[in-house]
Amino acid sequence: MSEAADLSKEAKFLGNLDQEIYRNLNITVVEDGVIIDWFQSPDHLQFKHSYTEPRLIRRLQPRQALVKACNNKQHSINRILDLTGGWGIDSLILAYHGRNVTMLEHNELVYHVASYSLNYARSIQHTRAAAECIEIIHINSLDFLLALKDSKIYDCIYLDPLFPDHKSSAKPAGEMQILQHLTQNQDIDQCFELALEKAGKRVVVKRPAKSRPISDLSADLVYREKTIRYDVYLTNRGNY
């Protein structure tokens with residue numbers, strides 16, 4: 001298939017990809033997604049990126065904090081801008097629960113991996129509806145916000161900055177370690193400030209449960225899980 005061929009080309013680090021960043025990665029394209037191996041001595045990390053994986057499907061329950069944070073009492077939050085798309089898991093969860101999501105990803109390889117998996121998800125019955133609600137764009141988030149003319153087109157703007165290193169010796173899951181290797185928190189402070197200006201109803205920021213907020217501004221609402229929380233900043237208090 002042509003999409004697989006395109007992704008295989010990216011996996012060979014052609015075009016504008018940084019050789020140093022991608023040196024220890026191996027990409028294997030399969031029908032329903034992409035298998036990524038990262039060899040970082042003495043570790044070998046592997047994960048399969050697919051929006052049809054059973055472990056992901058189990059995460060689609062409606063009562064999780066992410067879904068609550070990106071909703072309101074009026075159930076009037078329909079359009080969400082995900083500034084830090086990454087592997088696209090949060091975007092898929094939100095789309096599964098009826099939101100229309102525009103997902104931004106700056107890293108070229110991460111973008112193509114997510115796009116490939118998304119295209120396959122559109123062909124499967126139990127993920128088709130959610131996948132059809134996601135638009136993925138390869139762009140720097142700050143550039144996108146600066147160019148956004150209709151400042152209130154998105155009801156909610158979502159940020160999931162890469163978590164800082166934790167004092168604990170425990171490492172994050174393999175897919176997150178690989179994502180941290182490939183990407184970085186680019187212009188997060190500026191993106192947050194612009195998001196507050198441009199979000200129609202709220203800005204939602206994902207943080208480690210015990211970490212400091214993204215800024216000195218106090219969150220209006222906080223939704224917590226065991227290890228993470230979602231800080232909510234209201235931008236339209238009359239209709240949030």
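Restricting attention to region 33-44 and to residues that are modelled with pLDDT of 85 or more and within 13 Å of L179 (Cα to Cα), the residue that is surrounded by the most Cβ atoms within 10 Å (Cβ to Cβ) turns out to be I36.
For S76, state whether it is crowded, with 23+ Cβ neighbours inside 10 Å, polar (S, T, N, Q) and closer than 23 Å to D231 by Cβ. So S76 does not fit the description; no.
Here's the yes/no breakdown for (1) under 29 Å from L45 (Cα atoms); (2) at pLDDT 95 or above; (3) touching a strand residue (DSSP E or B) at 6+ places or on another chain (Cβ under 9 Å); (4) small (G, A, S):
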position	(1), (2), (3), (4)
D165	yes, no, no, no
S169	yes, no, no, yes
Q177	yes, no, yes, no
Q180	yes, no, no, no
T183	yes, no, yes, no
I188	yes, no, yes, no
V203	no, yes, yes, no
A219	no, yes, yes, yes
Y223	no, yes, yes, no
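Let me spell it out: the conditions are (1) aliphatic (A, V, I, L, M); (2) crowded, with 17+ Cβ neighbours inside 10 Å; (3) part of a helix (DSSP H, G or I); (4) touching a Phe, Trp or Tyr at 6+ places or on another chain (Cβ under 8 Å), and V232 meets all of them except one. Which number is the exception? Unmet for V232, out of (1) aliphatic (A, V, I, L, M); (2) crowded, with 17+ Cβ neighbours inside 10 Å; (3) part of a helix (DSSP H, G or I); (4) touching a Phe, Trp or Tyr at 6+ places or on another chain (Cβ under 8 Å): (3). Residues in region 187-219 that are loosely packed, with under 15 Cβ neighbours inside 10 Å and in contact (Cβ under 8 Å) with a residue 40 or more places away in the chain: Q190, E197, P208, S211. Taken as a whole, the condition of being touching a residue at least 24 places away in the same chain (Cβ under 8 Å), surrounded by 16 or more Cβ atoms within 10 Å (Cβ to Cβ) and at negative phi does not apply to S151.
Looking at region 46-54, can you tell me whether even one residue there is more than 20 Å from E175 (Cβ to Cβ), at pLDDT 90 or above and crowded, with 16+ Cβ neighbours inside 10 Å?
no
For (1) within 17 Å of Y51 (Cα to Cα); (2) of a type outside the set (S, T, Y); (3) out of contact with any Cys (no Cβ under 7 Å at 6 or more places or on another chain), each residue gets a yes or a no:
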position: L83; (1), (2), (3): no, yes, no
position: A121; (1), (2), (3): yes, yes, yes
position: A130; (1), (2), (3): yes, yes, yes
position: C133; (1), (2), (3): yes, yes, yes
position: I139; (1), (2), (3): no, yes, yes
position: L142; (1), (2), (3): no, yes, no
position: L145; (1), (2), (3): no, yes, no
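Within region 112-128, not a single residue is at pLDDT 95 or above and touching a Leu at 6+ places or on another chain (Cβ under 8 Å). If you check V110, V67 for being β-branched (V, I, T) and surrounded by 21 or more Cβ atoms within 10 Å (Cβ to Cβ), only one passes: V110. If you go through region 22-44 and keep only what is part of a strand (DSSP E or B) and touching a residue at least 60 places away in the same chain (Cβ under 8 Å), you end up with L25, I27, V29, G33, V34, I36, W38, Q40.
The values are calculated or read from the model by the stated rules, or taken from the named source; none is laboratory data. Model, not experiment: these values are computed from the prediction. So basically every Cβ, Gly included, is an ideal-geometry build from the backbone, and we count neighbours across all protein chains shown.
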